[in-house]
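Chemist: Structure in structure tokens, see below.
The values are calculated or read from the model by the stated rules, or taken from the named source; none is laboratory data. Only a predicted model underlies this, so the values are computations on that prediction, with no experimental measurement involved. FYI the Cβ positions are ideal-geometry reconstructions off the backbone, even for glycines, and counts take in every protein chain you see. With ligands, DNA and RNA removed, areas are computed over all heavy atoms of the protein, side chains included. Shrake-Rupley method; radii C 1.70, N 1.55, O 1.52, S 1.80 Å.
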Amino acid sequence: MTAHMNTGRSDRPRRSARAVSRRTLLVHSAQVAGGLALATWTRGTPGSASPSTDGDIEIWDAHIHLSGVLGTVEQRVDHLLRFADAMGIARLVVYMGTSFVYDPSPEELRKQNDEVLRAVAHAPDRVLGMVYLNPKQQAASLAELDRCVRDGPMVGIKLWVALPCSAPELDPIVRQAVELQVPILQHAYDRVGENLPGESRTADVAALAARHPDASLVCLHTGNDWERGIRTIRAAKNVWSEVSGSDPTAGMVEMAVRELGAERVVYGSDAGGRSFGSQLAKVYSAGLSRDAQRLVLGGNLRRLLRPVMEKKGMKP
Amino acid sequence: MIIDVNAYLSRWPFRRTPCDELPRLMDKYREFGVQQAWVGTFDGLFHRDLAAANARLADACRQSRDVELLPFGSVNPRLPDWQEDLRRCAEEHRMPGIRLHPNYHGYSLEQPVFGELLDGAVQAGLIVQLVVRMDDVRVQHPLMQIADVDTKPLAALLAARPQLRLVLLNALATLRGGDLRQLVAGQHVWCEIAMKEGLGGIAELLKDVPPTQVLFGSHLPLYALESAILKLREAQLSAELRAQLERGNAELLLRSRQ
């Protein structure tokens, strides 16, 4: 199966990056990234930005769900892209299907991943897919990994709340991820009360990273309690901090960049449950240099995905 | 021009934030064209000497220059002689309104003293800002877990006080659907956008709340100002509607008490 395969599940026209020109996206992105220019960009009307020649930041959003928006898979993708266009976001990394299932069965995993395959097929130049796995369903998960990543167009792994990720059941999946050169995106929350039954804490991510130093792990939400989460993953050099899905609290990205380095911080939104705007604000408000913004808003994610994308003939 | 109806001075007790000093806050407002902000004080959450906290707030606002800061003082009806704090807010400091934190002050909206406080505010011609939450309850400090304000009793309280002008702050993380529609049906309740989330969330909000009752709010300095700004852009509103939310509704609300 090639990187640009069509699953045949939709006869709707595929949405190409040409629907919104790369130039428009770059102009928006560059203007947003330009410090004071943000004030002008945010107050302008969509599409009214004047052309720029130094637009060199392409925003990739590492955390998108098909839930939180309505319609068919294809309609949901169109809806997401309409707002992504308004915010200058070039690529959406999508995982999990149209409903949230904590502990999916093999059949449910396949159904959800099929929905993501449809999303990728609908807008192959804008949407990247990650395969949703459940370590409690090890055989089915390894089969899905082969189907969707090794033999399919997906470019990474999403693990949610079926099992804390420090559990040994993760090991075969992680070994296979290393083999395929794909990152693992692991949800992690450090709630002040009890976590959900199978929900990972950031300490679980750090423990898994220590066991698999060759793996690339993205700690989704950085625990939400990010002051704790950043400290927890600080020493784990193969863990990236992803900043989605929490309130737009001032100071989050500043601390992440200060403690981890801009090379280990990744922008994501958790849309459609969250707003693109509230989550982008964490990055734009952080007073980062243009180089650091470039890394956080897409450069780091592209670097993580480069091996698998190049292998599939995709442009990272 | 933007009017931000949800900002604070002083320090958040659990963290320093990039704009928690007045000059930085003002720089941020100037950068984004915010010309007026309605500010409370973080001191109002835990301090018992609210008279001093409110006096400091009023003094800081008087010193602001190109960005107009309007003070909203704190009143805690569980403290003795809270009526004097209310009087000073209205008569001495000439504040346009007060900002209430029932969950930090330990009372529910069903308690009679809350109704008394609302009556006092109406009598003094004060706008009432009611703060439903300050931060995400899932990740609060382990020694300081503060539940959201239960807003269910509000509908009856509002019905009995048609002169009350009530602004709900940080309400939209939890208040939605039928409960929200019921509250705003009375037309003298406003909400602001600081905690509104979701894809195109502000446009979605306008399906439940009349556009005349939505205000621009940032929750600065705890939140990034850029969040409210970018959410408005994401909503892709007409210029007219956007201006209404950014300043027009707040101007009308202020004028209504003069």
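Chemist: If packing is taken as the mean number of other Cβ atoms within 10 Å per residue, what is the order of B:2-13, A:254-265, highest first? Please report the intermediate quantities before stating the final value.
Modeler: Values: B:2-13: 22.9, A:254-265: 19.7.
Result, highest mean Cβ count within 10 Å first: B:2-13, A:254-265.
Chemist: Also, quick follow-up: Could you work out the mean count of beta carbons from other protein chains within 10 Å of each residue's beta carbon in B:47-59? Intermediate results must be reported in sequence, preceding the final value.
Modeler: Values: counts 0, 0, 0, 0, 0, 0, 0, 0, 0, 0, 0, 0, 0.
The shielding value for this peptide is 0.
Chemist: DSSP loop trypsin sites (Lys or Arg not before Pro) in region A:219-255 with at most 14 other Cβ atoms within 10 Å of their Cβ, which ones?
Modeler: Numbers: sites: A:Arg228, A:Arg231, A:Arg234, A:Lys237; in loops: A:Arg234, A:Lys237.
When the trypsin sites (Lys or Arg not before Pro) of region A:219-255 are filtered for loop state and at most 14 Cβ neighbours within 10 Å, A:Lys237 remain.
Chemist: List the residues, sorted by chain then number, that are 5 or more residues from B:Trp38 or on another chain and whose placed amide H is less than 5 Å from its amide H.
Modeler: B:Asp4, B:Val5, B:Asn6, B:Ala7, B:Leu70
Chemist: Among B:Ala58, B:Leu157, B:Ala194, which residue has its Cα furthest toward the positive end of the charge dipole of region B:2-255, with +1 on Lys/Arg Cβ and -1 on Asp/Glu Cβ?
Modeler: B:Ala194
Chemist: Shifting gears a bit: Under a Cβ-only charge scheme (Lys and Arg +1, Asp and Glu -1), can you give me the dipole magnitude of the protein assembly as shown about the Cα centre, in debye to the nearest 20?
Modeler: Details: 69 positive and 67 negative charges, 247 e Å.
Result for the protein assembly as shown is approximately 1180 debye, rounded to the nearest 20.
Chemist: Right, another one. Given the options A:Val266, A:Tyr284, A:Trp240, identify the residue whose Cα lies farthest towards the positive end of the charge dipole of region A:140-288 (+1 on Cβ of Lys, Arg; -1 on Cβ of Asp, Glu).
Modeler: A:Tyr284
Chemist: With a 1.4 Å probe and every protein chain left in place, work out the accessible area per residue of region B:2-255 in Å², rounded to a whole number.
Modeler: Working: 9580 Å² over 254 residues.
Result: 38 Å² of accessible area for each residue.
Chemist: Beyond a 22 Å Cα-Cα separation, which of these cross-linked pairs lie in this structure: A:Lys158/B:Lys196; A:Lys136/A:Lys311; B:Lys207/B:Lys231; A:Lys136/A:Lys237; A:Lys282/A:Lys312?
Modeler: Working: A:Lys158/B:Lys196 27 Å; A:Lys136/A:Lys311 29 Å; B:Lys207/B:Lys231 16 Å; A:Lys136/A:Lys237 27 Å; A:Lys282/A:Lys312 32 Å.
As for pairs spanning more than 22 Å Cα to Cα, those are A:Lys158/B:Lys196; A:Lys136/A:Lys311; A:Lys136/A:Lys237; A:Lys282/A:Lys312.
Chemist: Report the GluC sites (Glu not before Pro) located in region A:112-197 that are in a DSSP loop and have at most 15 other Cβ atoms inside 10 Å of their Cβ, or state none. Write down the numbers at each step before the final one.
Modeler: On the way: sites: A:Glu115, A:Glu144, A:Glu169, A:Glu179, A:Glu194; in loops: A:Glu194.
Those satisfying the criteria are A:Glu194.
Chemist: Students often check this: by mean Cβ neighbours within 10 Å, which of A:86-95, B:207-216 ranks highest, and how do the rest follow?
Modeler: On the way: A:86-95: 25.5, B:207-216: 18.6.
Those peptides, ordered most packed to least, come out A:86-95, B:207-216.
Chemist: While we're here: Mind checking region B:75-181 for trypsin sites (Lys or Arg not before Pro) that DSSP puts in a loop (not H, G, I, E or B) and that have at most 16 other Cβ atoms within 10 Å? Spell out each step's value before the answer.
Modeler: Values: sites: B:Arg78, B:Arg87, B:Arg88, B:Arg94, B:Arg99, B:Arg133, B:Arg138, B:Arg165, B:Arg176, B:Arg181; in loops: B:Arg78, B:Arg94, B:Arg133, B:Arg165, B:Arg176.
Filter output for region B:75-181: B:Arg78, B:Arg94, B:Arg176.
Chemist: How are the C-alpha pair distances of chain B spread across 10 Å bins, as whole percents from the shortest bin up?
Modeler: Percent of pairs per bin, in order: 7, 33, 40, 19, 1.
Chemist: Let me ask something else. Roughly how big is region A:55-194's charge dipole about its Cα centre, with Cβ charges of +1 (Lys, Arg) and -1 (Asp, Glu), in debye to the nearest 20?
Modeler: Magnitude of the dipole: close to 120 debye.
Chemist: May I ask for the Kirkwood hydrodynamic radius of region B:138-258, worked out over all distinct Cα pairs and given in angstroms to one decimal? Intermediate values should be presented prior to the final figure.
Modeler: Numbers: mean 1/r = 0.0655 Å⁻¹.
Mean inverse Cα-Cα distance, inverted, gives 15.3 Å.
Chemist: I'd like the distance separating the alpha-carbon centroids of region B:44-123 and region B:1-27, in whole Å.
Modeler: If we compute the Cα centre of each part, the gap is 18 Å.
Chemist: Quick check for me: using +1 on Lys/Arg Cβ and -1 on Asp/Glu Cβ, what's the dipole size of chain B about its Cα centre, in debye to the nearest 20? Spell out each step's value before the answer.
Modeler: Numbers: 30 positive and 32 negative charges, 33 e Å.
Approximately 160 debye in magnitude.
Chemist: Under 5 Å between amide H atoms, partner at least 5 residues away or on a different chain: which partners does A:Trp240 have, H built in plane at 1.01 Å?
Modeler: Amide H to amide H, under 5 Å and 5 or more residues apart or across chains, A:Trp240 pairs with A:Leu217, A:Val218, A:Cys219.
Chemist: Which aspartates and glutamates, on any chain, are close to B:Lys152 with Cα under 16 Å apart, when same-chain ones fewer than 8 places away are left out?
Modeler: B:Glu110, B:Asp179
Chemist: Of all the C-alpha pairs in the protein assembly as shown, what % are more than 46 Å from each other? It would help to have the intermediate numbers written out before the result.
Modeler: Values: 26398 of 164451 pairs.
Summing the P(r) of the protein assembly as shown above 46 Å gives 16 percent of all pairs.
Chemist: Note the buried accessible area between A and B here, summed over both chains, with a 1.4 Å probe, in Å² to the nearest 100. Can you show the working numbers first?
Modeler: Numbers: alone 12740 and 11680 Å², together 21070 Å².
So the total buried area for this chain pair works out to about 3300 Å².
Chemist: Distance between Cα centroids, region A:217-250 to region A:264-288: provide it in whole Å.
Modeler: Each part's Cα centre sits 13 Å from the other's.
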